[in-house]
Every structure is written in structure tokens, then in C-alpha cells.
Amino acid sequence: MAGPIRVGIVGANPTRGWALSAHLPALSALPDYEVTAVSTTRAESAAETAAKFGIPHSFDNAKALAEHDDVDLVVISVKVPHHLELTRTALDAGKHVFTEWPLGASSEQAAELTTLAKARGVHHIIGLQGRHGPLNNYVRHLVSEGYVGRVLSVTLQIVSGQWGGPTIAPDRAWTADRANGANLLTITGGHTLDTLRYALGEFAEVNGIVTTLHPTATIAGTEETVNITVPDNVALNGRLSTGAVATITFLSSPSLSSAPSLAGTYWQVLGEEGSLTITGAGLPHYADAGLTLRGHTGSGPVEELTVPASFHRAPAEVPEGPAQNVAALYASVADAIAGGTPIEPNFETALSLHHLLDDVQASSDEGERRRPA
């Protein structure tokens with residue numbers, strides 16, 4: 001592809017959202033890209049974003065953006081229930097597509113989009129940016145190089161105030177319905193499990209417990225209640241393809257947000273010859289900020305490990321936070337397109353993760369271990 005990759009972003013709100021906090025800062029710092037168009041559901045807000053970032057085209061519908069001659073790659077950064085329709089629109093226009101995780105609100109939708117993207121012969125990218133985080137790649141490197149020896153056990157706990165509880169914010173009420181595809185298991189769980197399997201290997205079997213401890217919630221600021229059909233507490237154990245045993249929990253309660261010592265990540269990898277431990281208030285897929293890596297190998301002491309500069313793909317101009325991993329993902333996409341190599345992660349990566357989450361849920365529903373295909 002001659003010249004920069006011209007990007008159109010669907011869902012580029014001027015005041016909030018993932019496109020504003022991650023995609024636009026990332027793309028602005030990458031010379032291989034040029035953001036040429038944005039769209040929202042309102043012409044005024046799209047025009048405001050375009051003016052704010054010096055973007056030449058703005059639209060109030062995704063179809064017009066996808067069909068514009070100045071757009072090579074369409075980014076879908078909207079609520080999950082709209083991923084199917086908008087990704088299909090971009091694919092039908094013959095454009096390359098970057099869709100945020102989850103790919104669809106269900107595995108069936110993800111399978112449909114994966115099949116369509118392959119049939120169209122375009123590049124397809126899924127927003128599992130944790131695979132390009134410096135810390136995660138350094139952990140993957142250390143394990144592959146034998147720093148801990150053969151991995152025996154993995155323990156991972158994520159505690160967050162984002163999901164669940166007796167009240168729900170008005171702008172998140174839509175997430176209460178499992179059919180919409182955005183909840184503790186799919187979002188926090190999906191991103192985290194993908195990061196883990198990327199660093200340590202695929203799951204050979206899983207045994208899950210998926211529960212909803214608050215089956216109803218009050219919409220904050222109102223007396224309206226909603227039924228909650230999504231989980232707020234997930235536990236699973238499993239065996240990785242390497243034979244290592246994994247024990248994983250995802251817990252969400254708003255009260256935990258006010259307890260910094262509890263919220264965040266505890267991730268420990270124990271091997272025959274050493275260990276690696278990641279702790280802190282951050283999330284492994286989201287950003288390295290707030291996370292600390294410690295390790296020991298052989299008879300050496302436990303010490304803090306610094307991620308070498310060679311593992312940082314994002315330009316220095318990218319602000320600290322979520323834009324860094326997203327920028328690293330975009331950089332790898334540009335390299336793959338230029339070199340004619342496969343893009344990773346893609347829609348097939350997403351589909352396999354959808355199936356893994358289905359296995360966790362089915363294991364809980366049926367009370368049996370599941371072996372991912």
C-alpha cells in the first residue's frame with residue numbers, strides 16, 4: 001500500500017470514548033497512518049471531532065465513511081451490539097477493518113464476520129491490544145527463554161469496580177443484558193484470558209463458575225430497576241496446552257474501587273526454576289502503567305524487573321495509558337501490510353476467544369469440564 005494508511009473511525013466522539021482516549025492519540029503519533037474521516041450518529045459531534053484533530057471528512061453515518069475513496073481502513077469503536085452491522089458495512093465496502101473486542105455480541109456473530117472478512121480478501125484486525133503490550137511481551141519472552149523453567153502453575157486475579165453491584169450508571173444500563181455482549185466475562189475476562197494465553201499458551205481444558213450475585217440493580221439517580229443477566233463474579237481453573245494448571249478469578253463490585261490495595265491485578269507464574277509476578281492497580285491488557293513485574297530464577301533473589309526498551313513499540317509521543325498498547329498494535333499492522341505477512345490478532349483470533357468464553361460459560365451451566373477446540 002503506497003503512502004500512509006488512510007483511516008476512518010466510526011464512533012469518534014469528541015468528549016468521551018475509546019476512540020478519543022486510545023485510537024486518535026495512537027494514530028496521531030504513527031507516520032504510517034493518516035486519519036482522514038470520522039463518524040458519529042450526529043453530524044455536529046463528528047464535525048467537532050474532525051475540527052479538534054484536523055481531520056478532513058466527517059459523517060453522521062458509517063456507510064458514507066466506509067464508502068469514501070479517502071478511507072482504506074475502517075475502525076469500529078462503538079458499543080458491542082452495533083459491531084455486527086457496522087463491521088459488515090465496512091466489509092461490504094471492500095475496506096480493511098479494525099473492530100474492537102468483542103468482535104460480535106455472540107460467537108455466531110463473530111463467525112459470520114470472520115467468514116465475510118475472509119471472503120472479501122481484506123485485512124481484518126481485532127482490538128486485543130494486550131498482545132502488543134511491552135510487559136506482556138516481555139513475560140512471554142522470559143517464559144519462552146526458560147527464565148522460570150517449565151511452567152507449573154498460573155494464578156491470576158482481577159478485581160474491578162467496573163461491573164456489577166446493586167446500582168448501575170445510566171450510561172451502562174445497556175450492559176445488564178447478556179445479549180448485548182459486554183460484561184465482566186466478555187470484556188475484562190476476554191481481554192485478560194487472551195493476554196494470558198498469548199503469553200503462556202492456549203487452554204487445553206477449562207472448568208468455570210459464572211455467577212450473578214446481584215440479579216437486579218437500581219439505575220443510579222433514579223428509582224428504576226433493571227434485571228441483571230450478566231455475571232459479576234467468575235472463577236475458573238484449567239490446564240494449559242503446556243500442562244500448567246491455571247487458577248483465575250474475575251470479581252467486580254463498586255465498593256472495591258475505593259480500596260486501591262484490593263483493586264487491580266495479581267498474576268503469578270510459578271515454574272520449576274523460578275517465578276514471575278505482576279501486581280498493581282492496572283490491567284495487563286489495558287496499559288503497563290500501574291503494574292510492577294518481579295521475578296526470580298534459580299537461587300537468585302526476587303527482584304523488580306524492568307521491561308527493556310526493545311519491547312516498547314509505541315512512539316515516545318504517545319501519552320502514557322491505553323493509547324500505548326493500541327499504538328503498538330497499529331504499528332504491527334502497518335509492518336504486516338508492508339511486508340505482506342499475516343496480521344495478528346485478527347478476526348480468527350477473536351473467534352477462538354469467543355469460543356473459549358463459551359466453554360467457560362457452558363462449563364458453569366453444565367457442571368462439566370470443557371475442552372476448547
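What do you reckon, is residue 148 closer than 30 Å to residue 310 by Cα, open to solvent by less than 10 Å² (accessible area, probe 1.4 Å) and either outside any loop (DSSP other than H, G, I, E, B) or among the aromatic types (Phe, Trp, Tyr) (or both)? No.
For the range 44-62, a residue qualifies if it is farther than 17 Å from residue 83 by Cα, open to solvent by less than 70 Å² (accessible area, probe 1.4 Å), touching a strand residue (DSSP E or B) at 6+ places or on another chain (Cβ under 7 Å) and part of a helix (DSSP H, G or I), and the qualifying residues are 46, 47, 49, 50.
Flag: residue 16 matches the condition of being without any contact (Cβ under 8 Å) to a residue 24 or more places away in the chain, surrounded by fewer than 22 Cβ atoms within 10 Å (Cβ to Cβ) and within 22 Å of residue 320 (Cβ to Cβ). Close Cβ contacts (under 9 Å, 6 or more residues apart or on different chains) running from residues in the range 304-320 that are under 15 Å from residue 22 (Cα atoms) to residues that are among the charged types (D, E, K, R) and open to solvent by less than 100 Å² (accessible area, probe 1.4 Å) comprise 320/288.
For the range 335-348, give me each residue that is in contact (Cβ under 8 Å) with a residue 24 or more places away in the chain and either over 30 Å from residue 6 (Cβ atoms) or open to solvent by 10 Å² or more (accessible area, probe 1.4 Å) (or both). Selection gives 337, 338, 343, 344, 346, 348.
For the range 103-143, a tally of residues being without any contact (Cβ under 8 Å) to a residue 40 or more places away in the chain and assigned to a loop (DSSP other than H, G, I, E, B) returns 2. Considering each of 216, 211 in turn, give the residue that is among the hydroxyl-bearing types (Ser, Thr, Tyr), open to solvent by 50 Å² or more (accessible area, probe 1.4 Å) and either farther than 22 Å from residue 178 by Cα or touching a strand residue (DSSP E or B) at 6+ places or on another chain (Cβ under 7 Å) (or both). From the options 216, 211, the qualifying one is 216. Restricting the range 219-247 to residues that are farther than 14 Å from residue 184 by Cβ, of a type in the set (A, V, I, L, M, F, W, C) and assigned to a loop (DSSP other than H, G, I, E, B), which is most open to solvent (accessible area, probe 1.4 Å)? Here the answer is 220. The residues of the range 63-79 that are assigned to a loop (DSSP other than H, G, I, E, B) and over 23 Å from residue 105 (Cα atoms), listed by number, are 68, 69, 70, 71, 72. If you check 84, 30 for being in contact with a Pro (Cβ under 8 Å, 6 or more places away or on another chain) and either surrounded by fewer than 23 Cβ atoms within 10 Å (Cβ to Cβ) or of a type in the set (A, V, I, L, M, F, W, C) (or both), only one passes: 30. Annotation: residue 279 fulfils all but one of (1) in a strand (DSSP E or B); (2) among the hydroxyl-bearing types (Ser, Thr, Tyr); (3) free of Cβ contacts under 8 Å to residues at least 40 places away in the same chain; (4) open to solvent by 50 Å² or more (accessible area, probe 1.4 Å); the unmet one is (4).
Scanning the range 170-191 for residues that are more than 12 Å from the chain's Cα centre (by Cα) and not aliphatic (A, V, I, L, M) yields 170, 171, 172, 174, 175, 177, 178, 180, 181, 183. For the range 301-313, the criterion of being closer than 30 Å to residue 368 by Cβ, open to solvent by less than 50 Å² (accessible area, probe 1.4 Å) and not polar (S, T, N, Q) is met by none of the residues.
The values are calculated or read from the model by the stated rules, or taken from the named source; none is laboratory data. None of these values were measured; they are calculated from a predicted model. In this analysis, Cβ positions are derived from the backbone assuming ideal geometry, glycine residues included, and neighbour counts consider all displayed protein chains. For the accessible areas, the whole protein counts, side chains as well, though only heavy atoms, and no ligand, DNA or RNA atoms are used. Shrake-Rupley method; radii C 1.70, N 1.55, O 1.52, S 1.80 Å.
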